[in-house]
Amino acid sequence: MLCTPTRNPSIGIEFLKRLPADEIEKTRRAIRVFFYLRSLSHELRLQIDSDLPLTQPDTLVKENDKLDLSNSDLIACTVHMKET
């Protein structure tokens, strides 16, 4: 599920340090709480979570991989550079 970016007047305060301001943020917070509780439940029962993550680490794009961007919508694409 993809949520749209939040447009909130309380810019400067991290999402984790404030209450949700609209329905999108409430949904995002509920999803986050669900996954935290799910992780805690597995940890307390000493179980390994076999359902998550949904992706396999070997199929993810790695550093220096070549991407085939032919037939792609590059206008909707954003690149975030990792600061080191």
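Structure summary
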read-out	value
Efficiency of FRET from Cβ geometry, Lys62 and Ser39, R₀ 30 Å, rounded to 0.05	0.75
Which of Leu37, Thr55, Ser70, positive extreme of dipole for region 17-84 (C-beta unit charges)	Leu37
Label-point separation in nm, Leu54 to Thr27, each point 7 Å along Cα→Cβ	1.4
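Values in this text are rule-based calculations from the coordinates and carry no lab data. A quick note: this is a predicted structure, and the numbers were derived from the prediction, not measured. Neighbour counts run over all protein chains shown; Cβ positions are idealised from the backbone, glycine included.
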